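Encoded as structure tokens, the structure appears first; notes follow it.
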Amino acid sequence: MMANMTSTTSLISHLQIANSVLCLLMAVQLLSMNSMRPLPKRLLAFNCLLYAHQSLALIFILNTDHQTTVTLFNVSRPLFAMWLGPALYIYFLSVRQQQVTLRWQQALHFLCGTLIFVLLANIKPLRAFIDIAISTSFVGYFILIAIQMRHGQQVLAHLGSYAASAHRWLLSLMVMAIINICLEFAVNIELEYGVALRDSISLLIASIAFMLINATIVLAALKRSDWLEWMYQFSEQSLHQAPSTLDTDIANKLFQRWETLVNTAQLHQQEFGITLPQAAKKLQVPARQLSNAINQVYGKSFSVYLNDRRIQEAQNLLISHPEMTIIDVMQASGFSSKSNFNKEFLRVTGTSPSGFRESNTAQI
């Protein structure tokens, strides 16, 4: 029996270590990502750091007998858990709002959570209600998020072509929140029946579930999938809201430099693409100036220009290399996801990649 208890504790600990590492990796990825509108990604990174702390605190609580350390995490873990709901809610607001600003009133959400925790923790008869307060807070903020999302994708219209991807991501976060709520209630029920935290089957299931979720998110971020691609291009939207006109000669020269760089370095074919700030850095010009030059000379945005170049490459490959599969063509032309490739190909040519190949093969 003791061996089984030790085995369960060890498994939960290892899963929580994996969770904390994955959350930290995601936070680093978000904080290091270039963006003209950094607040949403910083808020998401803050959420990741809160979850990483929850995992690390649980590891210490389960595996150390050092009283000071246990006491410290026994305080910080429920306190930061009270912040999870507000942090997620404010992140949702930052994505939904066209003008992204962090107002001082939003800090009141965290202040209220802190005050409730301090009140419950310092009044002995009320300490038993801390877990209930945490669950109630998370459920309450989930309801607020659901209200924000009740009109569907149209609330994200300010994101333009990225609205659909952002909507899918936010819905995914809501699903993860539901899973979190259900598993939290399950763990609390076990504790009410006298099951020790280290022996909780619900906690074990939660550890496995969130390790899989976190691994999927990190992999999606590294692969720049459609699921998270809008986060990398989020900066570009703000540049288009207040366009300015450059001198014609300056715009033409900058656009020529940009085209030369793309052709020389084959930027449109890079596996993970290139962001507007990264491109501007290579040319040693402000990102807004490069964006305006491309819009002014090419007539379309930075991202559309790159996708147009990728589609041109794909068209050439489909005709000149009939032995290549559609997936091979997609990857060789610089796209990282099939859905985005098909969508952009249809936008430019009016047909699918396979349909384009068949029609051009028939003409030959």
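The table below gives the values:
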| quantity | calculated |
| --- | --- |
| Selection status of Tyr51, within 26 Å of Ile147 (Cβ to Cβ), open to solvent by less than 30 Å² (accessible area, probe 1.4 Å) and of a type in the set (Phe, Trp, Tyr) | no |
| Test: residue in segment 308-317 that is polar (S, T, N, Q) and surrounded by fewer than 16 Cβ atoms within 10 Å (Cβ to Cβ) | yes |
| Test result for Leu62, of a type outside the set (Val, Ile, Thr), over 23 Å from His14 (Cβ atoms) and open to solvent by less than 70 Å² (accessible area, probe 1.4 Å) | no |
| Extreme residue, most open to solvent (accessible area, probe 1.4 Å), among residues of segment 133-187 that are in contact (Cβ under 8 Å) with a residue 24 or more places away in the chain and β-branched (Val, Ile, Thr) | Ile178 |
| Test: Phe302 is within 25 Å of the chain's Cα centre (by Cα), surrounded by 21 or more Cβ atoms within 10 Å (Cβ to Cβ), among the aromatic types (Phe, Trp, Tyr) and over 26 Å from Arg257 (Cα atoms) | no |
| Set Arg103, Arg77: member being of a type in the set (D, E, K, R), surrounded by fewer than 20 Cβ atoms within 10 Å (Cβ to Cβ) and either under 17 Å from the mean Cα position of the chain (by Cα) or under 19 Å from Gln148 (Cα atoms) (or both) | Arg103 |
| Within segment 152-244, helices (runs of 4 or more DSSP H) holding 1 or more residues that are modelled with pLDDT of 80 or more and out of contact with any helix residue (DSSP H, G or I) (no Cβ under 6 Å at 6 or more places or on another chain) | 163-192, 201-223 |
| Residue in segment 112-122 that is closer than 28 Å to Val155 by Cα, among the hydrophobic types (A, V, I, L, M, F, W, C) and either touching a residue at least 40 places away in the same chain (Cβ under 8 Å) or open to solvent by 20 Å² or more (accessible area, probe 1.4 Å) (or both) present | yes |
| Residues of segment 297-311 classified as among the small types (Gly, Ala, Ser), touching a helix residue (DSSP H, G or I) at 6+ places or on another chain (Cβ under 8 Å) and part of a loop (DSSP other than H, G, I, E, B), total | 1 |
| Lone unmet requirement of (1) assigned to a helix (DSSP H, G or I); (2) at pLDDT 80 or above; (3) open to solvent by 20 Å² or more (accessible area, probe 1.4 Å) for Val285 | (1) |
| Scan of segment 318-330 for residues that are loosely packed, with under 15 Cβ neighbours inside 10 Å and part of a loop (DSSP other than H, G, I, E, B), ordered by number | His321, Pro322, Glu323, Thr325 |
| Answer residue from segment 94-151, given it is among the β-branched types (Val, Ile, Thr) and not in a helix (DSSP H, G or I) and is modelled with the lowest pLDDT among those | Val100 |
| Residues that are crowded, with 16+ Cβ neighbours inside 10 Å, more than 25 Å from the chain's Cα centre (by Cα) and free of Cβ contacts under 8 Å to residues at least 40 places away in the same chain, drawn from segment 331-348 | Phe345 |
| Among (1) farther than 24 Å from Ile213 by Cα; (2) surrounded by 17 or more Cβ atoms within 10 Å (Cβ to Cβ), the one test that Phe46 misses | (1) |
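The values are calculated or read from the model by the stated rules, or taken from the named source; none is laboratory data. Keep in mind it's a predicted model, so treat the numbers as computed, not measured. Neighbour counts are summed over all protein chains in view; Cβ atoms, including those assigned to glycine, are modelled from backbone coordinates with ideal geometry. The accessibility values were calculated without ligands, DNA or RNA, using every heavy atom of the protein model including side chains. Shrake-Rupley method; radii C 1.70, N 1.55, O 1.52, S 1.80 Å.
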